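**Q** Just passing along the structure, written as structure tokens.
The values are calculated or read from the model by the stated rules, or taken from the named source; none is laboratory data. Because the structure is predicted, anything quoted here is derived from the model rather than measured. Methodologically, a virtual Cβ is constructed for each residue, glycine included, from the backbone with ideal geometry; neighbour enumeration extends over all protein chains shown. SASA here: full protein model, heavy atoms, side chains in, ligands and nucleic acids out. Shrake-Rupley method; radii C 1.70, N 1.55, O 1.52, S 1.80 Å.
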Amino acid sequence: MPQTTNGAAPAGAAPAVAPILEVEGVTLQYKTKEHLITATYRVDFKVYPADRFVLLGPSGCGKSTLLKGVAGFMRPVEGEMRLKGRRIEEPGPDRVMVFQEFDQLLPWKTVRQNITFALRNGGRCSRESDADEIAMNYIRKVKLNGFENTYPHMLSGGMKQRVAIARGMAMEPDILLMDEPFASLDALTRRQMQEELLQLWDDTRFTVLFVTHSIEEALLVGNRILVLSPHPGQVKAELNTHMHSHANAGSPEFIALQTRIHNMLFADRVLEE
Ligand code: ADP
Ligand code: MG
């Protein structure tokens, strides 16, 4: 049975474990000429080491904005975000983002060069040969060996996303930020990528903050899910879940949890209409 709790420490984590990321009462706004848009309002959550923490909510609920805040591209107007206890004030190689778009790779660089460039630019490696070795290691992890000298335009969408994931992981950030990384893929590739992400996580136990608007994807990818309501984005619920797989996605527990989250999200829609 999936466990559900509100705002508690993650299942299995001892209280003594320090969070990697703390988001406390964070309000993020955009100022345009005519409007002040409050994208998120007083959002709280904590991400612990090796969490697969999912931000789930409908389009426009501030998921990408929260990631921009964590990445250091936006400052909260209220509240604070801390990475390993230190207030986030600017971008850094300790937080790497993987985006939805297939054009996030440098088109004039090969698969391997895309990764070595990030490693050297981000200050992870000063020697090209070290960067090469790390790059090849992660290229193998995402099953792209044989394509290391290929340019992005020769790759499928799924392969491009694998490169972006390999590049992000190679940086060994404190937290990997993933903004709907599989949303532009066809259903079968998407499913495959979700499974591969879990295999990679099993292998390295990295910490990931993953954004999606798909309830199914949230349940498959995450061990903890923050459900957000829109306009402005606010925390609706926090759920701890056991690891689900495509194999048990049809199980009564999975469907019950899916329905429960759907009802949480749908309740907002009814109120808005
Ligand atoms: P999500 O990723 O959940 O779809 P976003 O974080 O992109 O949502 O957007 C949250 C809110 O902030 C939306 O109302 C959106 O219109 C607004 N917003 C996002 N980016 C900008 C921007 N650059 N300028 C002004 N408003 C923005
Ligand atoms: Mg978004």
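**Q** Ignoring ligands, DNA and RNA, please state the percent of accessible area on the chain from carbon and sulfur, probe 1.4 Å.
**A** Taking all protein chains in place, the chain shows 50 percent carbon and sulfur surface.
**Q** Okay, next question. Sum -39500 (n - 2.57) across every DSSP H segment of at least 4 residues in the chain, then divide by the residue count to get the 222 nm mean residue ellipticity, nearest 500.
**A** -11000 deg cm²/dmol
**Q** What spacing in nm lies between the two simple spin-label points modelled at ARG86 and SER184, each 7 Å away from Cα in the Cβ direction?
**A** 3.3
**Q** Probe radius 1.4 Å, ligands and nucleic acids left out: which of LYS109, LYS31, LYS46, LYS63 has the largest accessible area, and how do the rest follow?
**A** If we order LYS109, LYS31, LYS46, LYS63 from most to least accessible, we get LYS31, LYS46, LYS109, LYS63.
**Q** So, one more: Over the range 106-172, with the other protein chains present, what is the accessible area per residue in square angstrom, probe 1.4 angstrom?
**A** Here the per-residue accessible area is 49 Å².
**Q** Evaluate the relative contact order of the chain (contact order divided by residue number), counting alpha-carbon pairs under 8 angstrom at least 6 apart; express in whole percent.
**A** After rounding, I find 27 percent.
**Q** Then there's this: Over its Cα atoms, what ratio of radius of gyration to 2.2 N^0.38 Å does the chain give?
**A** For the chain, the normalised Cα radius of gyration is 1.00.
**Q** Defining a contact as two alpha carbons under 8 Å apart and six or more residues distant in sequence, what relative contact order in percent does the range 106-172 show?
**A** It comes to 45 percent, rounded to a whole number.
**Q** In addition: If packing is taken as the average number of other Cβ atoms within 10 Å across a peptide's residues, how do 82-89, 55-62 rank, most packed first?
**A** 55-62, 82-89
**Q** Explain nothing, just the number: dipole magnitude of the range 143-232 about its Cα centre with +1 on each Lys and Arg Cβ and -1 on each Asp and Glu Cβ, in debye rounded to the nearest 20.
**A** For the range 143-232, the charge dipole is close to 100 debye.
**Q** Still on this structure, I have one more. Just to be sure I understand: of the beta bridges DSSP finds with both ends in the chain, what percent are antiparallel, rounded to 5?
**A** Just about 55 percent of them are antiparallel.
**Q** Okay, moving on. Averaged per residue, what accessible area in Å² does the range 214-263 show with a 1.4 Å probe, protein chains only?
**A** It amounts to 38 Å² per residue over the range 214-263.
**Q** Enter the Cα centre distance for the pair the range 190-220 and the range 91-167, rounded to the nearest angstrom.
**A** When both Cα centres are located, 19 Å separates them.
**Q** In debye, nearest 20, what is the charge dipole magnitude of the range 106-172 about its Cα centre with +1 on Lys and Arg Cβ and -1 on Asp and Glu Cβ, if you could check?
**A** It comes to approximately 220 debye.
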